[in-house]
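To start, the structure itself, in structure tokens.
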Amino acid sequence: MSIRDVYIVDAVRTPIGKFGGALSSVRPDDLAAHVVRALVDRTPELDPARIDDVVFGDANGAGEDNRDVARMAVLLAGLPVSVPGVTVNRLCGSGLEAVVQAARAIALGDASIAVAGGVESMSRAPWVLQKPERAFLAGHQQLHSTTLGWRMTNPRMPTEWTVQLGEGAELVADKHGIGREQQDAFALASHRKAAEAWEKGRYDGEVVAYEGVDLSRDECIRDNTSMEALAKLKPSFRPDGTVTAGNASPLNDGAAALLLVDDEGLRATGREPLARIRASAVTGIEPQLFGLGPVEAVQRALAKADRSFGDLTTFELNEAFAAQALGCLAEWPELDPAVVNPRGGAIAIGHPLGASGARLAGAVAHQLAEAGSGTGVAALCIGVGQGLALVLER
């Protein structure tokens, strides 16, 4: 059986909203439907009935994104009911996992045209109540927030594995000797690059605003922040720590989607592809060191693609925390930092968990198309200790 080439024809995303911000009134299934509809509308030659599957990442799934949000997006977007949808969960890597799974289906001939993406509304993530072990319990019961992090943790899990995500970032900072000033400088650069990219119209070709919501660009970018302002923030996880709200990604809402095709599907769209998918890799690591998850995943993906760090035109590395991103960069000495997140990263843009991987893949594809040629990587660290990477080329 021959392996088919897989192309990214287009990629869109919403502006990323802040927690409790402009997109907090929008249901996650509506956010997902919005990017699916926008993607289809941008390719008028494509008959939507020809879409073989819609694969969406979603890290939570405990609220309005329940009951297979990918299928809900298909129906709410007005696609033919014959178009199926499946939701996948690899936590922070869910959106990129959706791209990988859709690409794999196309490469193996199980599909010719697919939509892959991700969605998250951290604002609307509900509180959940565990079902009692017996009926009619007296007394109070605990509600658990599903917005982020561990909850209802299995007591058999070793405690060193179940530390808060921010404490995991502190552990990476300890491991690599990454200080507060270095983290704040990284965060400041993320905001400045994102603000400049928006000012220069770099995101105009991929961001599709949600109708009826007054949000035309990513809501968490702080144009006027400074090292002085960042230095005033208190550590969030240790009294003497280095990780703050200023050098970590915020809580966010948003969605992203990509159109993936084989050669036959490409002809059906009548479009030139942005990029071609070359390889992917997923790896595991000790859960408390999740921030270093991308290190081996990227190395494996590049080896599969027969590429090296020196070949990279652009590299979109999710900035869950500055300490985490800097820890990864410290383990890739061959990588030129200038190609990493050239238009800002998640510290400024935001990190809507299930959508982030799809946003990164779309960003790499658009940047390669703009450059005209080259190789790019999208990669994320993943809570509970994993890393995921995708290699694209043009």
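The values are calculated or read from the model by the stated rules, or taken from the named source; none is laboratory data. All of these numbers come straight from a predicted model, not from anything done at the bench. Note that each Cβ is placed from the backbone with ideal geometry, even for glycine, and that neighbours are counted across all protein chains shown. Protein only, heavy atoms only, side chains kept; ligands, DNA and RNA dropped before computing areas. Shrake-Rupley method; radii C 1.70, N 1.55, O 1.52, S 1.80 Å.
List of remarks:
So that you can scan it fast, the table gives a plain yes or no per residue for (1) at positive phi; (2) of a type in the set (A, V, I, L, M):
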position: S25; (1), (2): no, no
position: D30; (1), (2): no, no
position: V36; (1), (2): no, yes
position: R50; (1), (2): no, no
position: R67; (1), (2): yes, no
position: A77; (1), (2): no, yes
position: V83; (1), (2): no, yes
position: C92; (1), (2): no, no
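- Residue within the range 317-329 that is among the aromatic types (F, W, Y), more than 17 Å from the chain's Cα centre (by Cα) and modelled with pLDDT of 95 or more present: no
- If only residues of the range 262-312 that are assigned to a strand (DSSP E or B) and small (G, A, S) are counted, the one that is surrounded by the fewest Cβ atoms within 10 Å (Cβ to Cβ) is G284.
Matching residues to (1) within 30 Å of A32 (Cβ to Cβ); (2) more than 19 Å from the chain's Cα centre (by Cα); (3) part of a helix (DSSP H, G or I); (4) charged (D, E, K, R):
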{"site": "F136", "(1), (2), (3), (4)": "no, yes, no, no"}
{"site": "E160", "(1), (2), (3), (4)": "no, yes, yes, yes"}
{"site": "A169", "(1), (2), (3), (4)": "yes, no, yes, no"}
{"site": "A185", "(1), (2), (3), (4)": "no, yes, yes, no"}
{"site": "A189", "(1), (2), (3), (4)": "no, yes, yes, no"}
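- Tally, over the range 80-99, of residues that are touching a residue at least 40 places away in the same chain (Cβ under 8 Å) and open to solvent by less than 10 Å² (accessible area, probe 1.4 Å): 6
- Pairing residues of the range 364-392 that are in contact (Cβ under 8 Å) with a residue 60 or more places away in the chain with residues that are aromatic (F, W, Y), at Cβ distances under 6 Å and at least 6 apart in sequence or on separate chains, gives V377/F315; C381/F290; G383/F290; G385/F290.
- Annotation for the range 211-228: no member residue is outside any loop (DSSP other than H, G, I, E, B) and either hydroxyl-bearing (S, T, Y) or in contact (Cβ under 8 Å) with a residue 60 or more places away in the chain (or both).
- Only one of the numbered conditions (1) under 20 Å from Q367 (Cα atoms); (2) open to solvent by 50 Å² or more (accessible area, probe 1.4 Å) is violated by E206, and that is (2).
- Of the residues making up the range 349-366, just one is open to solvent by 10 Å² or more (accessible area, probe 1.4 Å) and of a type in the set (A, V, I, L, M), namely L353.
- Selection of the range 231-261 for residues being assigned to a strand (DSSP E or B) and of a type outside the set (G, A, S) yields N252, D253, L258, L259, L260, V261.
- For the range 335-389, filtered to residues that are among the β-branched types (V, I, T) and assigned to a strand (DSSP E or B), the residue that is nearest to V119 (Cα to Cα) is I382.
- R42 meets all of the listed conditions (1) open to solvent by less than 40 Å² (accessible area, probe 1.4 Å); (2) under 23 Å from the mean Cα position of the chain (by Cα); (3) not acidic (D, E) but one, namely (1).
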